[in-house]
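Notes follow once the structure below has been shown.
The values are calculated or read from the model by the stated rules, or taken from the named source; none is laboratory data. Please read these numbers as outputs of a predicted model, since none were measured by experiment. Positions of Cβ are generated from backbone atoms using ideal geometry, with glycine treated the same way; all protein chains shown enter the neighbour counts.
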Amino acid sequence: MIRLLSLLVVSALVGFVSAEDKPKKRGVVETIPVVKADKLDVRFGKWSEPAEVKTEAEMKKLIADEATQKRLAKEIDFETHVLLVFAWQGSGGDKLDFAILESFPEQVKINLKPGATDDLRKHIQLVAVKKECRWSAK
């Protein structure tokens, strides 16, 4: 009986540890939060021209900081999703909106909702989009 209980406990712990290493499951389009500790060395340009990262190797070229790389590797599965890195300057109230237009293959339309304030801020937003989806930012 003790052997059976210990076997169940060990198998549960192994399952828990392996679940921690896997990236999160994501929907068609989702934002990935940027935390203060992230070191993202990106060029700020047009909001409608994000950097499209398709593989973990491309992410490592774009993002030099190892801690940020590890955090993002847990956030996105590059086998099923691409990472869009939006970097622009604009009003502090600028936001990105997403709309899914068709069911299969989905089409994701990304729009900028401009803020009403006159302050100039730098914005970085990370977005995960399914690989089979077509996306546009206009």
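Annotations for the structure displayed:
- Residue in the range 96-130 that is farthest from the chain's Cα centre (by Cα), counting only those that are surrounded by fewer than 13 Cβ atoms within 10 Å (Cβ to Cβ) and charged (D, E, K, R): Asp118
- Candidates in the range 40-78 are the residues that are under 26 Å from Ser91 (Cβ atoms) and among the charged types (D, E, K, R); of these, the one that is surrounded by the fewest Cβ atoms within 10 Å (Cβ to Cβ) is Arg43.
- Residue list for the range 23-32, filter: over 19 Å from Ala99 (Cα atoms) and either modelled with pLDDT of 80 or more or surrounded by 13 or more Cβ atoms within 10 Å (Cβ to Cβ) (or both): Pro23
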